[in-house]
1. Can you say whether residue 225 is more than 20 Å from the chain's Cα centre (by Cα) and open to solvent by 40 Å² or more (accessible area, probe 1.4 Å), as far as the supplied structure shows?
2. Just one of (1) on the phi < 0 side of the Ramachandran plot; (2) in contact (Cβ under 8 Å) with a residue 40 or more places away in the chain; (3) in contact with a strand residue (DSSP E or B) (Cβ under 7 Å, 6 or more places away or on another chain) trips up residue 227, so point out which.
3. Restricting to the range 55-66, count the residues that are assigned to a helix (DSSP H, G or I) and surrounded by 13 or more Cβ atoms within 10 Å (Cβ to Cβ).
4. Would you confirm whether any residue within the range 95-118 is surrounded by fewer than 21 Cβ atoms within 10 Å (Cβ to Cβ), at pLDDT 95 or above, farther than 19 Å from residue 15 by Cα and among the β-branched types (Val, Ile, Thr)?
5. How many residues does the range 1-26 contain that are part of a loop (DSSP other than H, G, I, E, B) and among the β-branched types (Val, Ile, Thr)?
6. Residue by residue through the range 1-39, note down the ones that are among the charged types (D, E, K, R), within 30 Å of residue 49 (Cβ to Cβ) and within 15 Å of the chain's Cα centre (by Cα).
7. Restricting to the range 82-93, count the residues that are part of a helix (DSSP H, G or I) and either open to solvent by less than 20 Å² (accessible area, probe 1.4 Å) or modelled with pLDDT under 95 (or both).
Amino acid sequence: MVGLTVDDAVNGITCKLHPHWQFDSASVVKVTILSALLRKLQQEHRGLTAAQRRLATAMITLSDNNAASTLWAETGYPSLQHFLNLAGMNETVLGANGYWGLTLITAHDELTLLKLLTSANSVLATASRNYVLGLMARVVSYERWGVPAGAPTDVTVHVKNGWLPLATHGWRINSIGSFSGAGKDYMIVVLTDDNPTMAYGVNTVQDVAEVINHALNPGAASVIPAATPNASWGKPDEQIPGRSGGL
């Protein structure tokens, strides 16, 4: 199954495919975790501690799971839900019992989150938004597959991916990203499940992304190539005890 949303603010183009279908988030939810933490700290008139900055960097740029679990706990369920309410992410259901990777998300809500991060609003201060986007722009090369495929090389890509297999519906392969600079301002969300392998799901997302990026950037002189299999592929980005199909 595939859920898809696209929004191009410059050209006034939107595209949707099953935007309200729910998918297990896997590590895509890490962007929500950090955003919710920053909102909580804003309300308390505090900034991130040095330790929290280290954890946030590891969680987003390296998709570190221990960092995510720590920041999920520090933010707390009430503050996470409060952020979702403020953001209007009404279709998102937080994972129970600390299993953040089992948070249910929709392409509609993930696009709502990206819009929140890329436009001035009353939920997140400019500094908070820029901090999250800055980390998403620094994701390590071997985790920058997905929606960047086919985008012009002169744009800045802010991306976060998630990958998780479960006994039912196979691999969840998700990719969200915003694209800015060089006169561009657009966002792509692709959520999938029922993938037999991680590579199959990544290729599916990238095939979709290449079509979208080409359509939004006709005549681009140089584009980001689709990622090729990496040694890290095939390893779940979160272990769900008793539910990960033995992986």
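The values are calculated or read from the model by the stated rules, or taken from the named source; none is laboratory data. Keep in mind that this is a model prediction, so the values were computed, not measured. We place every Cβ from the backbone using ideal geometry, glycine too, and count neighbours over all the protein chains shown. Each accessible area value is taken on the protein alone, full model and side chains, heavy atoms only, with ligands, DNA and RNA left out. Shrake-Rupley method; radii C 1.70, N 1.55, O 1.52, S 1.80 Å.
1. no
2. Result: residue 227 fails condition (3) only.
3. Counting residues in the range 55-66 that are assigned to a helix (DSSP H, G or I) and surrounded by 13 or more Cβ atoms within 10 Å (Cβ to Cβ) gives 8.
4. no
5. 1
6. 30 - this is the single residue of the range 1-39 that is among the charged types (D, E, K, R), within 30 Å of residue 49 (Cβ to Cβ) and within 15 Å of the chain's Cα centre (by Cα).
7. 3
Yes/no matrix, rows are residues, columns are (1) more than 19 Å from the chain's Cα centre (by Cα); (2) within 24 Å of residue 10 (Cβ to Cβ); (3) open to solvent by 20 Å² or more (accessible area, probe 1.4 Å); (4) modelled with pLDDT under 95:
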| residue | (1), (2), (3), (4) |
| --- | --- |
| 149 | no, yes, no, no |
| 168 | yes, no, yes, yes |
| 174 | no, no, no, no |
| 187 | no, yes, no, no |
| 234 | no, no, yes, yes |
| 239 | no, no, yes, yes |
